[in-house]
Amino acid sequence: MNLKTFSSHFITVDFCHHLSDHMSATSYEVFRIPIPPSKADIMSYSQIRLLGLKTNPEAFGSKFEVESLRTFAEWKARVENEDRFTIIARATPPNGGDGDCVGTASILTPAMVEQGPDVYGVVGMWVHPEHRMKGLGRRMLEFGIDWVRERPRVKGGEARRLVLEVHRPNEAAKALYGGLGFLEAKEEKCEDPNRIPMFLVVE
Ligand SMILES: CC(C)(COP(=O)(O)OP(=O)(O)OC[C@H]1O[C@@H](n2cnc3c(N)ncnc32)[C@H](O)[C@@H]1OP(=O)(O)O)[C@@H](O)C(=O)NCCC(=O)NCCS
């Protein structure tokens, strides 16, 4: 199934209107997409990911034009990968219902990051503009950090590190990461000179 047609309709009409209707007393939950994921989980993730890429192209290394061509099987393979901890923030209206996904972030294991056996990565952090400054970015990242902390240590290895890249002018993201203790890795450089490498030692 090609998600392109479906996703652009979802982004421009249904999603935004539906959210605005329920903004007054929204509650939030942050959770990991289970493995194996349901079809609904896969759809939710693909929609929020594409919405993020479309809304804030400057924030990511990947592009909406590329990812919107992904098939359902490709999205499925991404979220059921054991080396990816895929986090979702969901907004639920007080009168119930399934709620809407309004944020996502993922943690990649050292097997995917390939910077050493103790190095995990943060990718794809995005919160819907109507739900920013409510602590969701922080909650998702804390959830991911807790997961890293619970992962087995490499015997005789170094302290686990969580690494990420941030677009230099992105003050919101720098505030989020800095607030959680991430530091700039001054001795390292990103391929893109407009991006800054940051790291957190996870004790
Ligand atoms: C960056 C982003 C994920 C932050 O999400 P959020 O849910 O609004 O962040 P939170 O509400 O959890 O805020 C976390 C901290 O950052 C600060 N912050 C968030 N947005 C800020 C802004 N625009 N300016 C200054 N500080 C900001 C908050 O005050 C908070 O500070 P605290 O830790 O001292 O309390 C969100 O702005 C976003 O999705 N941006 C577009 C995509 C993006 O840039 N992703 C990052 C890619 S590296």
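Side notes on the structure shown:
- Subset of the stretch 114-144 [more than 15 Å from the chain's Cα centre (by Cα) and touching a residue at least 40 places away in the same chain (Cβ under 8 Å)]: Q115, G116, P117, D118, V119, E130, K134
To keep it simple, each residue is scored yes or no on (1) surrounded by 13 or more Cβ atoms within 10 Å (Cβ to Cβ); (2) within 7 Å of the ligand (Cβ to nearest atom); (3) assigned to a strand (DSSP E or B); (4) of a type in the set (G, A, S).
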site: W126; (1), (2), (3), (4): yes, yes, yes, no
site: E130; (1), (2), (3), (4): yes, no, no, no
site: G137; (1), (2), (3), (4): yes, yes, no, yes
site: I145; (1), (2), (3), (4): yes, no, no, no
site: V148; (1), (2), (3), (4): yes, no, no, no
site: G156; (1), (2), (3), (4): no, no, no, yes
site: L164; (1), (2), (3), (4): yes, yes, yes, no
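- Of the residues making up the stretch 77-96, those that are of a type in the set (A, V, I, L, M, F, W, C), farther than 15 Å from A111 by Cβ and within 15 Å of the chain's Cα centre (by Cα) are V79, I87, I88, A89.
- Some residue of the stretch 29-44 being surrounded by 14 or more Cβ atoms within 10 Å (Cβ to Cβ), modelled with pLDDT of 80 or more, among the aliphatic types (A, V, I, L, M) and farther than 19 Å from H128 by Cα: no
- The stretch 74-98, subset among the small types (G, A, S) and without any contact (Cβ under 8 Å) to a residue 40 or more places away in the chain, residue surrounded by the most Cβ atoms within 10 Å (Cβ to Cβ): A77
- Single unsatisfied condition, A173 versus (1) part of a loop (DSSP other than H, G, I, E, B); (2) under 18 Å from the mean Cα position of the chain (by Cα): (1)
The values are calculated or read from the model by the stated rules, or taken from the named source; none is laboratory data. Keep in mind that what you see is a predicted model, and the values were worked out from it rather than measured. Reconstructed Cβ throughout: ideal geometry from the backbone, glycine too, with neighbour counts over all protein chains shown.
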